[in-house]
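One structure is given here, and the rest of the page talks about it.
The values are calculated or read from the model by the stated rules, or taken from the named source; none is laboratory data. The shown structure was predicted, so the numbers you read here are calculated from the model rather than taken from an experiment. Glycine also receives a Cβ, built like all others from the backbone with ideal geometry; neighbour counts cover every protein chain displayed.
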Amino acid sequence: MTASFEAGDSLPEMRVTPDAGLTKRYAEASGDPNPIHIDEEFAKKVGLPGCILHGLWSMAQVARAHGEAVGDPLALRRLEVQFRGMGFPEQEVSVTTSVTEADGGRIVTETEAAQGENRIIRNASAELAV
Amino acid sequence: MGLRTDAEGKTWDSVSFAVEADRIGQYADAVGESSPMHRDASAAKDAGYRDVVAPPMFVVVYSSPAMGPAIFDPEVEMNFAAMVHGGQRFEWGEPVCAGDTISTEVECKSISERDGKGFYVFESVSTNQDGAQTAKGSWTNIVRGVG
């Protein structure tokens with residue numbers, strides 16, 4: 001990939017809508033057994049509106065948005081995020097990213113993931129080797 | 001009521017995870033990573049990897065088994081009913097491929113209180129069978145109502 005990046009650039013926005021069965025597939029793939037993600041009744045019993053997305057799945061979407069933007073899924077060197085609002089299945093997630101530093105083979109970004117106005121990942125930063 | 005911080009600095013036995021190609025593919029499917037490098041050994045080898053290569057966030061799969069004993073340790077004394085995953089940081093090193101065995105060690109880095117919330121920070125360090133570091137993680141769990 002020969003695209004060059006400069007501080008101030010936006011990376012392409014990535015949009016994805018997790019389907020109703022996603023949390024179960026992610027629970028199996030990741031080994032996270034927490035029922036708040038897969039058991040609607042349990043989630044409601046503990047005061048949630050319903051099953052919520054795994055924060056680490058949402059983080060993986062931020063990771064994927066970066067890999068796709070630079071054309072290399074293994075380019076990521078660092079990613080740090082804060083999880084805030086809860087995310088929900090069947091609502092579109094958008095990942096928006098801007099470049100804050102770029103020098104030679106390295107770029108640093110600030111990034112977030114949101115469902116509408118609900119920012120589920122914020123104050124996030126990544127570093128990539130490009 | 002003070003927050004108990006005795007577990008700061010505590011480490012747990014390392015936990016090993018044998019990486020299988022199918023597990024990488026299953027994870028890639030669940031998070032939408034579409035590259036054939038995560039499914040097909042020849043595609044991965046064409047790109048310079050030893051075998052089917054994991055997407056970076058696969059770190060969750062191989063390091064989580066080492067996190068369990070730490071966060072469920074009674075000495076850490078976290079109130080799970082009031083706990084949320086507040087933050088996460090990963091730094092990546094050597095890529096992880098099918099056939100690797102990854103060992104992960106966890107340390108409790110800090111337990112602190114701010115605005116009535118307890119912040120529990122754990123660090124995981126993962127290395128492959130050759131001793132090369134594949135990832136370092138910092139996991140922050142926040143527990144409400146500790147003040």
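Here are a few things to note about the model shown:
- The residue list B:Met37, B:Met67 contains one member that is closer than 30 Å to B:Lys117 by Cα, in contact with a strand residue (DSSP E or B) (Cβ under 8 Å, 6 or more places away or on another chain) and not basic (Lys, Arg), which is B:Met67.
- Some residue of segment A:80-91 being closer than 17 Å to B:Glu33 by Cβ, within 11 Å of chain B (Cβ to nearest Cβ) and of a type in the set (D, E, K, R): no
- Considering segment B:75-88, the residues that are at the interface with chain A (Cβ under 9 Å from one of its Cβ atoms) and hydrophobic (A, V, I, L, M, F, W, C) include one that is surrounded by the most Cβ atoms within 10 Å (Cβ to Cβ), namely B:Val84.
- Only one entry of B:Glu113, B:Glu107, B:Glu91 meets the criterion of being surrounded by fewer than 23 Cβ atoms within 10 Å (Cβ to Cβ) and under 20 Å from A:Met59 (Cα atoms), and that entry is B:Glu91.
- Scanning segment A:4-17 finds one or more residues that are of a type in the set (A, V, I, L, M, F, W, C), in a loop (DSSP other than H, G, I, E, B) and more than 10 Å from chain B (Cβ to nearest Cβ).
- Some residue of segment B:1-11 being part of a strand (DSSP E or B) and under 19 Å from the mean Cα position of the chain (by Cα): yes
- Flag for B:Val143 being hydrophobic (A, V, I, L, M, F, W, C) and either modelled with pLDDT of 95 or more or out of contact with any helix residue (DSSP H, G or I) (no Cβ under 7 Å at 6 or more places or on another chain) (or both): no
- Index of the failed condition, B:Phe72 passing every other in (1) more than 9 Å from chain A (Cβ to nearest Cβ); (2) closer than 19 Å to B:Val19 by Cα; (3) without any contact (Cβ under 8 Å) to a residue 24 or more places away in the chain: (2)
- Condition met for A:Glu28 (of a type in the set (D, E, K, R), farther than 17 Å from A:Ala114 by Cβ, assigned to a helix (DSSP H, G or I) and in contact (Cβ under 8 Å) with a residue 40 or more places away in the chain): no
- Scanning segment A:56-84 for residues that are out of contact with any His (no Cβ under 9 Å at 6 or more places or on another chain) and within 11 Å of B:Gly87 (Cβ to Cβ) returns A:Met59, A:Glu80, A:Val81, A:Gln82, A:Arg84.
- Identity of the residue in segment A:25-43, of a type in the set (Asp, Glu) and facing chain B (nearest Cβ under 9 Å), that ends up nearest to B:Asn141 (Cα to Cα): A:Asp32
- The one condition in (1) modelled with pLDDT under 95; (2) within 10 Å of chain B (Cβ to nearest Cβ); (3) touching a Gly at 6+ places or on another chain (Cβ under 9 Å) that A:Val46 fails to fulfil: (3)
- Among the residues of segment B:44-60, those identified as closer than 19 Å to A:Glu68 by Cα, crowded, with 24+ Cβ neighbours inside 10 Å and within 23 Å of the chain's Cα centre (by Cα) are B:Val52, B:Val53, B:Ala54, B:Pro55, B:Pro56, B:Met57, B:Phe58, B:Val59.
- Matching residues, segment B:1-55, being at pLDDT below 95 and either of a type outside the set (Gly, Ala, Ser) or in contact with a helix residue (DSSP H, G or I) (Cβ under 6 Å, 6 or more places away or on another chain) (or both): B:Met1, B:Leu3, B:Arg4, B:Thr5, B:Asp6
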